[in-house]
Amino acid sequence: MTEPGVPTGRRARAARHLGLTGAVLLAVAGWLGGVLPEVPPTGPWRAPHGPAAVLCWLVGTALMVGAWWALRAGAPSTRWAYVTAGLWTLPLLLTPPLASRDVYSYACQGWSYAAGHDPYRVGVAAAGCPWVDAVAPIWRDTPAPYGPAFVLLAALAAVLGGTLVGTLMVLRLYAVAGVLLVALCLPGLARAAGVPTRRAAWLGLASPLVGVHLVAGAHNDVVMLGLLLLGLLVLVRAPGRTRGLLVAGVLLGLAMAVKATAVVVLPFAALAAVHGRYTLRALLCDGGRLAGVALATLAAVSALSGLGLGWVAGLARSGDSQQWTSAPTAVGFVVDYVGELAGRRPDAVPVTRAVGLLLLAGLLVLLWWRAWTALRRLNDVRQRVHRLAAARPRVTLGAAGAALAATVLLAPVLHPWYVTWPLLLLAVSATRTTWFVVPAAVAAFLTLPDGTSVARYTKAPGAIVMTALLLVLLVGAARGRWHPTDRRDGAGPA
């Protein structure tokens, strides 16, 4: 008898074949009109094979998204999910970079550091990078916004690769290593949180965002995520143990030294580090030690690289790109449109972005406090010790995933690959999946194979729709209609 929620063999095979066909079409789109070193001046459809590339891209994306969506309740087994995700990844390994030119920025920033320049002070054009023509024009004169650990990795890639193609190959190997690290961690995290591993593996690895952006696009986000998940896995397996806290702290510190986003997870990791009953003393002891090791690791990498904290200033320049995919930016656009109708030009985007960051700060504090109080409630009865041990990973991982989702929603900039941040954590912790699977499916369509953002051509309607969705979310959250770690569906391990 088939387990409830497990897809039939015919349905699963159909999804596998459809997704593989989609991946092949995306690889073809990459060769016809992907992110090649020459920057096309007029959009992908102006290139010699542009229309064919866009058609292959749209059909391939639709097939992959449809196949992933069809099995969103879980693959037939964890092994089946791994094999299928691997099959879908193979064609994407053999194509030029897809959907973003960031990998060329990585290559030039690594070359700059290897050549003796400080990428936090000098743009890649001023540093004299020989591959600067491949970098998107908007980022040629800006400082690197990535942490010192990734700058060191990029420099190593430039040295080992030698040429642009060789450097890109090493950077893609980093991405593959990051995905393999994620795959290693997903089952353990899912079991700890009481989520079916076959569902966590499918949602986390078979998403088109992972294959297209993290593997083919070789975004450094996957290196951060791999280190982050491994650190969390160490914590949930051995909370409070000195050795585990040390190892987890180093991993979390390295994740922050790759990309600053990882710092959002640190307060929730501190909750996961507590051993036994939740008291302020235990939090300061176990969570404080974890945070101290993580921050010390970040400081050590910054010092040893000779780069210091100069990368923090580079983070501000990431907001130079204004797109409606960021909810605060979309609201700013709508306010500007209303102002123009009234005969004024308010330039509201900086203001709405600042408000968004304030809301994000408050929401992160609220999520942490809810997780803390939920765990403390289980202190009251001694017989609930076993329940506390079971609740710790579920609550902390779910809250961390919700915190990353809030970060993606309210940050000044949102690129499609950012959606993978909460996706992987929520895949192993959330029991209700539609609320984060739908945005991930939509995000897969927001770029074209050459890196062109669809948001560029849908500014007004996109801003209006995003603003309306944000209002719906705020009203729903205010009424308490959902919570990311709600257990009412009774999901359990499998």
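The values are calculated or read from the model by the stated rules, or taken from the named source; none is laboratory data. On a predicted model such as this, the values are computed, not experimentally measured, just so you know. Glycine also receives a Cβ, built like all others from the backbone with ideal geometry; neighbour counts cover every protein chain displayed. Protein only, heavy atoms only, side chains kept; ligands, DNA and RNA dropped before computing areas. Shrake-Rupley method; radii C 1.70, N 1.55, O 1.52, S 1.80 Å.
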Between residue 357 and residue 79, Cβ-based FRET efficiency (R0 30 Å, step 0.05) works out to 0.10
If amide hydrogens are placed 1.01 Å from N in the peptide plane, which non-local residues have theirs closer than 5 Å to the one on residue 447? 454
Report the charge-dipole magnitude of region 15-122 in Debye, nearest 20, computed about the Cα centre from +1 at each Lys and Arg Cβ and -1 at each Asp and Glu Cβ. 280
Want the number for residue 118 to residue 11: 0.36 nm per residue separation, take away the alpha-carbon distance, what's left? 33.2 nm
Under 12 Å from the Cβ of residue 36, count the other residues' Cβ atoms, weight Lys and Arg +1, Asp and Glu -1, and hand me the total. -2
Provide the per-residue ³J(HN,Hα) series for region 220-237, in order, calculated from phi with Karplus coefficients 6.51, -1.76, 1.60 and θ = phi - 60°, each as a whole number of Hz, with x at glycine and proline positions. 5, 4, 6, 5, 4, 5, x, 5, 5, 5, 5, x, 5, 5, 4, 5, 5, 7
So how far apart, in nm, are the two label points at residue 376 and residue 141 if each is 7 Å from Cα heading toward Cβ? 5.2
If packing is taken as the average count of other Cβ atoms within 10 Å, what order do 120-133, 242-255, 418-431 fall into, highest mean first? 418-431, 242-255, 120-133
Stretch residue 87-residue 70 to full length: gain in nm at 0.36 nm per residue minus the Cα-Cα span? 4.4 nm
Contact order normalised by length for region 253-319, with contacts defined as Cα pairs under 8 Å and 6 or more residues apart; what percent is it? 35
Of the residues 149, 24, 66, the Cα lying farthest along the dipole of the chain towards its positive end, which is defined by charges on the beta carbon of Lys, Arg, Asp and Glu, belongs to 66
Could you tell me what percent of the accessible area of the chain is made up of carbon and sulfur, with a 1.4 Å probe and every protein chain present? 68
Between the residues 312, 261, 138, the Cα farthest towards the positive end of the dipole of the chain, that dipole coming from +1 and -1 charges on the beta-carbon of Lys, Arg, Asp and Glu, is from 261
Picking from 419, 391, 356, whose Cα lies most toward the positive end of the charge dipole for the chain (charges on Cβ: Lys, Arg +1; Asp, Glu -1)? 391
Length-normalised contact order of the chain, Cα under 8 Å, at least 6 apart, in percent, tallies to 18
Unpaired by the 4.7 Å Cβ criterion, cysteines found in the chain: 56, 185, 285
Regarding region 135-188, what's the average projected area of the Cα-atom convex hull, expressed in nm²? 4.9
Applying a 10 Å radius around every beta-carbon, put 365-376, 17-28 in order of their mean neighbour count, most first. 17-28, 365-376
Translational diffusion coefficient of the chain at 4 °C, 1.567 mPa s, Stokes-Einstein with Kirkwood Rh over Cα pairs, in µm²/s as a whole number. 56
Treating only Lys and Arg (+1) and Asp and Glu (-1) as charged, each at its beta carbon, one finds that the chain has a dipole about its Cα centre, in Debye to the nearest 20, of 2080
